[in-house]
1. For region 103-118, name all the residues that are surrounded by 13 or more Cβ atoms within 10 Å (Cβ to Cβ) and part of a strand (DSSP E or B).
2. Provide a single number: the residues in region 11-35 that are charged (D, E, K, R), loosely packed, with under 14 Cβ neighbours inside 10 Å and out of contact with any helix residue (DSSP H, G or I) (no Cβ under 8 Å at 6 or more places or on another chain).
3. Which ones in region 74-91 are touching a helix residue (DSSP H, G or I) at 6+ places or on another chain (Cβ under 9 Å), without any contact (Cβ under 8 Å) to a residue 12 or more places away in the chain and either assigned to a loop (DSSP other than H, G, I, E, B) or surrounded by fewer than 11 Cβ atoms within 10 Å (Cβ to Cβ) (or both)?
4. Quick one: in region 103-118, of everything that is at pLDDT 95 or above and in contact with a Lys or Arg (Cβ under 8 Å, 6 or more places away or on another chain), which residue is nearest to residue 20 (Cα to Cα)?
5. Take the residues in region 92-102 that are closer than 19 Å to residue 40 by Cα and out of contact with any Lys or Arg (no Cβ under 8 Å at 6 or more places or on another chain), then tell me which one is surrounded by the fewest Cβ atoms within 10 Å (Cβ to Cβ).
6. Go through (1) modelled with pLDDT of 95 or more; (2) over 21 Å from residue 88 (Cα atoms) one by one and return the number of the condition residue 72 breaks.
7. If residue 47 passes every condition in (1) under 13 Å from residue 98 (Cα atoms); (2) touching a residue at least 40 places away in the same chain (Cβ under 8 Å) but one, which one does it miss?
8. Conditions first: (1) over 23 Å from residue 110 (Cβ atoms); (2) without any contact (Cβ under 8 Å) to a residue 12 or more places away in the chain; (3) assigned to a helix (DSSP H, G or I). Residue 24 passes all but one, so which condition is the exception?
Amino acid sequence: MTSHRIDGRKLGRSMGHRLALYKNLTVSVLRYERVRTTEAKAKEVQGRIEKAITLAKRGDLSARRAIISQFPTEPLVVTKLFDEIAPKYADRSSGFTRIVKIGPRPGDAAEIVQIELV
């Protein structure tokens, strides 16, 4: 079996668990504006955060509904995304996040990074 045209990391999780992890990590970055996690998780979530901010920058009702459908249990994050984060990046077309390497984790030497909003 080949892995051609298969995108993304599996991270040792089932699909549902992996998607929940991505959603929760995305919400955490949008809520706290910086999160420490492994490099692989940060790289996977970076695109999701960028897309959410780009969608929020549109600011119309359909964009708000699309964001609410992505994060239905997080109304405060949706509000923050549209009222605080999107206006902050109005003049920027992309590159809303930054990944900064921190170093290896003591237990298993996994590379720990901080993903933050620029």
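1. Residues satisfying the conditions are 111, 112, 113, 114, 115, 116, 117.
2. 1
3. Scanning region 74-91 gives a single hit, 75.
4. 115
5. Ranking the qualifying residues of region 92-102, first place goes to 95.
6. All conditions pass for residue 72, except number (1).
7. Unmet condition: (2).
8. It is condition (1) that residue 24 fails.
The values are calculated or read from the model by the stated rules, or taken from the named source; none is laboratory data. Treat the numbers as computed from the prediction; the structure is a model and nothing was measured. Methodologically, a virtual Cβ is constructed for each residue, glycine included, from the backbone with ideal geometry; neighbour enumeration extends over all protein chains shown.
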